[in-house]
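Encoded as structure tokens, the structure appears first; notes follow it.
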Amino acid sequence: MPTQGMTAADFPVLPRHVGIIMDGNGRWAKKHKLAIAFGHRTGTETLREIIRHTDDLGIGSLSLYAFSTENWRRSDDEVAALMQLILDFFASEIDELDEKHVRITILGDKDRLPQRQRDTLIEAERRTGANTGLRLNIAINYGGRAELVRAARSLAEDARAGNLDPDAIDEDALAARLYTAGQPDVDLLIRTSGEMRLSNFLLWQCAYAEFIFPEKLWPDFTVADYDAALQEFARRSRRFGGR
Ligand code: FPP
């Protein structure tokens, strides 16, 4: 079943890669006098709808910021709730995503995650690795600067081993060492809840992105709000020449 909302034909141009910072779960829970874990759980419902709609529209890549390297500083209860949601999300969604040929890539350092989460994420990447549909990138234990350091170190190691001429290091060479290697840069970055910061998300990939900051908190964000952001992107692209 396609999700409700607009279709690709309704847009003169669509982004090739959308990044989303899903912000406002905590404020949503507070507003409704609910436990913070419930805010994140409701946010996961939004996430499902947005992934489905992105796939229906035929957008090539979607990157979602689920857990930053800074999120470990939150209370043990909140971290545990988010870790559980990661397991629940993959348990309930992986069959549908795989059937739709979605290819999942985890952005971030999986080695520091608890064993069950690590195994789940590795298995999701393995199972969907040959799929040719939507590239779904989920940032977990991710930081943009750490990603750049990792890429630089990987280049340096190859240079030290004599397999890479330092003069051959250019933008393409560095981009090829990022978690998003092979995917286009982010064209549209959406951050919900009215906050206007990048918060260490896809620093390199957002170099030329359009930024849209809807006021709605993530659990209240709908497919219609997403379509509105995509329409705004299309207007901006037309005005500035587009691609
Ligand atoms: C920001 O809201 C959101 C997060 C830190 C987590 C986002 C995670 C999900 C929506 C679900 C988990 C992901 C997967 C892949 C299952 P906040 O808590 O910082 O909101 P606040 O600024 O209002 O406190």
Would you confirm whether or not region 74-81 contains a residue that is more than 10 Å from the ligand (Cβ to nearest atom) and assigned to a strand (DSSP E or B)? no
Kindly provide the set of residues from region 30-67 that are buried (at least 20 other Cβ atoms within 10 Å of the Cβ) and polar (S, T, N, Q), ordered by number. Thr44, Thr46, Thr54, Ser61, Ser63
If you go through Arg127, Arg103, Arg74, the only one that is modelled with pLDDT of 95 or more and in contact with an Asp or Glu (Cβ under 8 Å, 6 or more places away or on another chain) is Arg127
Output the qualifying pairs, or none if there are none: Cβ atoms under 7 angstrom, residues six or more apart or on different chains, first residue in region 70-85 and closer than 16 Å to Arg118 by Cα, second residue outside any helix (DSSP H, G or I) and within 9 Å of the ligand (Cβ to nearest atom). Leu82/Phe67
Quick one: would you say Ile106 is near the ligand (Cβ under 10 Å from one of its atoms) and of a type in the set (A, V, I, L, M, F, W, C)? yes
Does region 38-54 include one or more residues that are touching a helix residue (DSSP H, G or I) at 6+ places or on another chain (Cβ under 6 Å), modelled with pLDDT under 95 and under 18 Å from His101 (Cα atoms)? no
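Report yes if some residue within region 68-87 is within 22 Å of Ala224 (Cα to Cα) and not polar (S, T, N, Q); otherwise report no. Break it down into steps so the answer makes sense when it comes.
Here is the first cut: in region 68-87, the ones within 22 Å of Ala224 (Cα to Cα) are none.
No; the residues of region 68-87 include none that is within 22 Å of Ala224 (Cα to Cα) and not polar (S, T, N, Q).
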Are any residues in region 105-128 crowded, with 16+ Cβ neighbours inside 10 Å, among the hydrophobic types (A, V, I, L, M, F, W, C) and in a helix (DSSP H, G or I), and if so, which ones? Leu121, Ala124
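I'm trying to understand the selection: among the residues of region 9-27, which are among the hydrophobic types (A, V, I, L, M, F, W, C) and buried (at least 22 other Cβ atoms within 10 Å of the Cβ)?
Val18, Ile20, Ile21, Met22
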Looking only at region 22-42, count how many residues are of a type outside the set (D, E, K, R) and either more than 9 Å from the ligand (Cβ to nearest atom) or part of a loop (DSSP other than H, G, I, E, B) (or both). 7
Checklist (1) in contact (Cβ under 8 Å) with a residue 40 or more places away in the chain; (2) of a type outside the set (Ser, Thr, Tyr); (3) touching a strand residue (DSSP E or B) at 6+ places or on another chain (Cβ under 8 Å) applied to Gly129, failing item: (1)
Any residue that is part of a loop (DSSP other than H, G, I, E, B) and surrounded by fewer than 14 Cβ atoms within 10 Å (Cβ to Cβ) - is there at least one of those in region 215-228? yes
Per the filter on region 43-58, residues more than 22 Å from Leu198 (Cα to Cα) and either more than 10 Å from the ligand (Cβ to nearest atom) or under 14 Å from the mean Cα position of the chain (by Cα) (or both) are Arg48, Glu49, Arg52, His53, Asp55, Asp56, Leu57, Gly58
Unique match (being closer than 27 Å to Gln183 by Cβ, away from the ligand (no atom under 12 Å from the Cβ) and within 15 Å of the chain's Cα centre (by Cα)) among Ser61, Ser68: Ser61
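Results for (1) in a loop (DSSP other than H, G, I, E, B); (2) surrounded by 12 or more Cβ atoms within 10 Å (Cβ to Cβ); (3) modelled with pLDDT of 95 or more; (4) within 17 Å of the chain's Cα centre (by Cα), shown as yes or no for each residue.
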{"residue": "Ser154", "(1), (2), (3), (4)": "no, yes, yes, no"}
{"residue": "Ala159", "(1), (2), (3), (4)": "no, yes, yes, no"}
{"residue": "Gln183", "(1), (2), (3), (4)": "yes, yes, yes, yes"}
{"residue": "Gly194", "(1), (2), (3), (4)": "yes, yes, yes, no"}
{"residue": "Ala207", "(1), (2), (3), (4)": "yes, no, yes, yes"}
Does Gly19 satisfy the criteria of being assigned to a strand (DSSP E or B), in contact with a Phe, Trp or Tyr (Cβ under 7 Å, 6 or more places away or on another chain) and not basic (Lys, Arg)? yes
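The values are calculated or read from the model by the stated rules, or taken from the named source; none is laboratory data. Computed from a prediction, not measured in an experiment: that's the story for all the values here. Positions of Cβ are backbone-derived with ideal geometry, glycine not excepted, and every protein chain shown enters the neighbour counts.
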